[in-house]
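Trainee: Okay, here's the structure, questions in a sec.
The values are calculated or read from the model by the stated rules, or taken from the named source; none is laboratory data. Since the model is a prediction, treat every value here as computed from it, not as a measurement. As a convention, Cβ positions derive from the backbone with ideal geometry for all residues, glycine included, and neighbour counts pool all protein chains shown.
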Amino acid sequence: MTFDELTRQTGEWLKGEGPHADVVLSSRIRLARNIAGQRFLSKAGESDRKQIYRAVADCIADVELGGNTLILDINDADEIDRQLLVERHLISKQHAAGEGARGVAISEGERRAVMINEEDHLRIQALRSGLQIGVLFEEIDALERRIEQNLEFAFDKRFGYLTACPTNVGTGMRVSVMLHLPALKLTNQIELMFRAAKDMRLAVRGLYGEGTDAIGDFFQVSNQVTLGQSEEEIVEEFGSRIIPRIVQFELAAREALLSERVNLLDDKVWRAVGTLGNARAVSSDETLFLLSHIRMGVHMGRCKNLDLRKVNEMFIYSQPAHLQKLTGRRLDGAERSVARADYLRRMMGSQN
């Protein structure tokens, strides 16, 4: 797979498939691992980083990630290409902005990825559309075992896997679910979800993870505890209890909107349709808010003339890096707003 082929396909997290896909955009499991005998990156020099990069890249080349694997040197990548990978949820913002030898390996279909030299030597990721945490755990466990046949991971019998950040010590596993919660927001119940998440020691972040704000009613919910619980316990708690409960709350709020506040619901949905179908300049943040309402309208049967796949495509290709790839040139903020509006009008089918 080439980078150009990657940019032409819709990311896994926006396919709109899988259990509870109306609320759960995607499920992800990420493992933090370090190579035994190598310095943590905070203490590593550039020669150390290059040695780690080569060892991991060579190992990944021998391991079946899935299909035709792309291994990309992030240090040599163009700024727009790095940002595009962030928008695809294939690398973190920190990885894109970092320095020195670092990279990412991506499977065909984007279901698996390995960041090399982010905060830890390896960040192994498995991603699926919808709520599929159990399936992901089986996939990432098998992938980790294949990698560990060639690389020995830093491990302590008492503390578990050793990581650069103490909060990841233990399993080194982060389970993260991307949720779309517009009805809880509209019915002013979202703060209840935040408080419940805090009580359950969960982290709630924005669309692009740590350090980002929630935009367009999209929230990433992940576990904070990695020490003192087994991987199986974390997966079971998250996949069978925590996330299904949040999904039930959101669906109940949507039913309440339909039965008690349908005019408010339709006003939000059709204002969003009208704005994106006619705007001449629109920001990335405003686009996400409006597409959030349209996505809710599609799932609730209020927008019968719009297709979910098209809505999801608009999500990804209206983002700054994707938009510049689409137009084939670099754009400043004002130019992106105009180009984004042009693209969205075409996708919405407006001739105005």
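Trainee: Only strands (runs of 3 or more DSSP E) wholly contained in the range 59-175 count here; list those with 2 or more residues that are touching a His at 6+ places or on another chain (Cβ under 9 Å) and under 22 Å from SER230 (Cα atoms). Spell out how you get there, then give the answer.
Mentor: Values: elements: 70-73, 103-106, 112-116, 122-129.
Answer list for the range 59-175: 122-129.
Trainee: Now a separate question. Looking only at the range 187-206, decide whether some residue is touching a strand residue (DSSP E or B) at 6+ places or on another chain (Cβ under 7 Å) and modelled with pLDDT of 90 or more.
Mentor: No; the residues of the range 187-206 include none that is touching a strand residue (DSSP E or B) at 6+ places or on another chain (Cβ under 7 Å) and modelled with pLDDT of 90 or more.
Trainee: Okay, next question. When the range 217-237 is examined, which residues are found to be out of contact with any Leu (no Cβ under 9 Å at 6 or more places or on another chain), among the polar types (S, T, N, Q) and surrounded by 16 or more Cβ atoms within 10 Å (Cβ to Cβ)?
Mentor: Matches in the range 217-237: THR226, GLN229.
Trainee: For the range 91-99, indicate whether the set of residues that are surrounded by 23 or more Cβ atoms within 10 Å (Cβ to Cβ) and either assigned by TED's automatic domain parsing to the domain that holds ILE52 or closer than 15 Å to LEU65 by Cα (or both) is non-empty.
Mentor: If we filter the range 91-99 for residues that are surrounded by 23 or more Cβ atoms within 10 Å (Cβ to Cβ), which is where we start, we get 91.
So of that shortlist, the ones also either assigned by TED's automatic domain parsing to the domain that holds ILE52 or closer than 15 Å to LEU65 by Cα (or both) come out as 91.
Taking every residue of the range 91-99 in turn, at least one turns out to be surrounded by 23 or more Cβ atoms within 10 Å (Cβ to Cβ) and either assigned by TED's automatic domain parsing to the domain that holds ILE52 or closer than 15 Å to LEU65 by Cα (or both).
Trainee: Now, a different point. What are the pairs, 6+ residues apart or on separate chains, where a residue within the range 287-310 that is over 15 Å from GLY16 (Cα atoms) has its Cβ under 7 Å from a residue that is surrounded by 19 or more Cβ atoms within 10 Å (Cβ to Cβ) and not hydrophobic (A, V, I, L, M, F, W, C)?
Mentor: Every condition considered, the pairs that remain are THR287/SER318; THR287/ARG340; LEU288/GLY216; PHE289/GLY216; LEU290/THR275; HIS293/PRO182; HIS293/LYS268; CYS303/GLY297.
Trainee: Let me ask you something else. Within the range 177-198, can you find the residues that are small (Gly, Ala, Ser) and surrounded by fewer than 23 Cβ atoms within 10 Å (Cβ to Cβ)?
Mentor: ALA196, ALA197
Trainee: Can you tell me which residue within the range 312-332, out of those that are without any contact (Cβ under 8 Å) to a residue 24 or more places away in the chain and either closer than 11 Å to THR287 by Cβ or part of a helix (DSSP H, G or I) (or both), is farthest from the chain's Cα centre (by Cα)?
Mentor: Top of the filtered list is THR327.
Trainee: Could you please give the count of residues in the range 1-31 that are free of Cβ contacts under 8 Å to residues at least 24 places away in the same chain and buried (at least 20 other Cβ atoms within 10 Å of the Cβ)?
Mentor: Residues that pass the stated criteria total 0.
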